[in-house]
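The values are calculated or read from the model by the stated rules, or taken from the named source; none is laboratory data. Source: prediction; values computed, not measured. Cβ sites come from the backbone with ideal geometry, for glycine too, and all protein chains shown count toward neighbours. Protein only, heavy atoms only, side chains kept; ligands, DNA and RNA dropped before computing areas. Shrake-Rupley method; radii C 1.70, N 1.55, O 1.52, S 1.80 Å.
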Amino acid sequence: MQEAAVRIHPRPEGRPAQDKPAERWSVEAIEALFDLPFPELMFQAQTVHREHFSPTNVQLSTLLSIKTGGCPEDCSYCPQAARYDTGVEASKLMEEDAVLSAARAAQEAGATRFCMGAAWRSPKDRDVEKVAALIAAVKGLGMETCATLGMLDEGHAEQLRDAGLDYYNHNIDTAPDKYGDIISTRQFEDRLDTLNKVRGAGVKVCSGGIVGLGETRQQRAGLIAALANLDPYPESVPINNLVQVAGTPLHGSTGIDPLEFVRTIAVARITMPLSRVRLSAGRQELGEAIQALCFLAGANSIFYGDKLLITGNPDVSADRNLLDKLGMTTS
Ligand code: SAM
Ligand code: DTB
Ligand code: SF4
């Protein structure tokens, strides 16, 4: 039988970070997990999953694009980058009433977390003030709050925290050695800098990536290693399957094999045992059977609602139907 990679357990909660944290996971050890026979990998992932979570529960997060399009960045997957002709119209920041009614609808449909996304490279001080008011309003409904607004300047994370922000989403998106092929208007290190600010402010970290960007398996391992070696690793890890949008440079590229996507979920579960691993964008393309395998591989959160930011998502009734068929509960 093939040997599994050596797994080093995460630093227990509460133990202070070391000055120079030891790398918990090498890219090679993660590649060795990817290379396991599928049943062995699934068994390891399920074992780790059951140590920390009920394997039958899925957390539901709903997304809302509060400021759409017109983004100056060049992320080659993104329909909201102004430079690509994707048909997405730029719009202003939404008003509080409209955001609140979307949050109420999400809550009534069963979502527990509401994630507000803005197509900014980096919000200005006045943007942060306005979003802080939106966060306070959504928090007032009794929902968990999440925001994804781009790179943060000094003091922004604290301002959002004080308004009631629970999570900040900021994806590292791909492996450090693939980053420059996908985005040229910022560096991988810029993302780490914002993640440090978020962590420093005591806001929980939501960070993950996209697979299907044309990366190698080694680079998928590099993405997971970069996440798992954050100290501490993110509480929430969205794994997106690239949604190919006409007009973006990545439109028409070869998608990832669905079973390789399941492997990526399993490897994220094994290396980040305490995280919510979210089966994120691209679920429509995966179909029910692959999504079920993702839950068996340790995914325990989804984006829930008929729309992601721009693109489609399975509708609420389809998700309820799937979760009912699988006998799964939601939170
Ligand atoms: N502008 C902010 C930023 O980039 O951090 C926040 C919004 S941005 C749309 C949030 C994340 O959505 C990106 O980091 C990326 O991981 C994901 N994303 C964007 N377009 C996608 C696509 N076509 N398929 C899958 N994920 C995508
Ligand atoms: C994340 O990891 N995925 C979400 C959320 N965080 C902000 C965004 C997915 C976007 C998919 C393409 C779109 O609809 O724009
Ligand atoms: Fe802008 Fe974010 Fe899209 Fe990149 S992913 S183009 S930063 S909205």
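A few comments on the model shown:
- Whole-angstrom gap from the range 233-290 to the range 61-121, using each part's C-alpha centre: 20 Å
- Computed extension length for Asp74-Glu158: 27.5 nm, one decimal, from 0.36 nm per residue of separation with the Cα-Cα distance subtracted.
- The angle between the Cα long axis of helix 188-200 and the longest principal axis of the Cα atoms of the chain comes to about 80 degrees, rounded to the nearest 10.
- Computed label-point distance, nm, for sites Arg121 and Glu285 using a 7 Å Cα→Cβ extension: 2.7 nm
- Share antiparallel - DSSP beta bridges, the chain, percent rounded to 5: 5 percent
- For Lys124, the lysines whose Cα comes closer than 17 Å to its Cα, not counting residues fewer than 8 places off in the same chain, are Lys67, Lys92, Lys197.
- Total formal charge among the other residues, if their Cβ is under 11 angstrom from that of Ala109, Lys/Arg +1 and Asp/Glu -1: -2
- Tensor-based shape of the range 289-331 (alpha-carbon gyration tensor, a/c under 1.5 rounded, otherwise prolate or oblate): prolate
- The chain: angle of helix 258-271 to the longest principal axis, Cα-based, in degrees nearest 10: 90 degrees
- Residue ranking by accessible heavy-atom surface, 1.4 Å probe, largest first, among Thr329, Thr194 comes out as Thr329, Thr194.
- With loop membership from DSSP and a limit of 14 other Cβ atoms within 10 Å, the longest segment of the chain without GluC sites (Glu not before Pro) is 155-331.
- Loop-located trypsin sites (Lys or Arg not before Pro) in the range 117-159 (DSSP state not H, G, I, E or B) with no more than 16 neighbouring Cβ atoms inside 10 Å: Arg121, Lys124.
- Leu326 versus Ser184: modelled label distance in nm, points set 7 Å from Cα along the beta carbon direction: 4.0 nm
- Projected label distance in nm at Ser101 and Thr216, using a 7 Å step from Cα toward the beta-carbon: 5.2 nm
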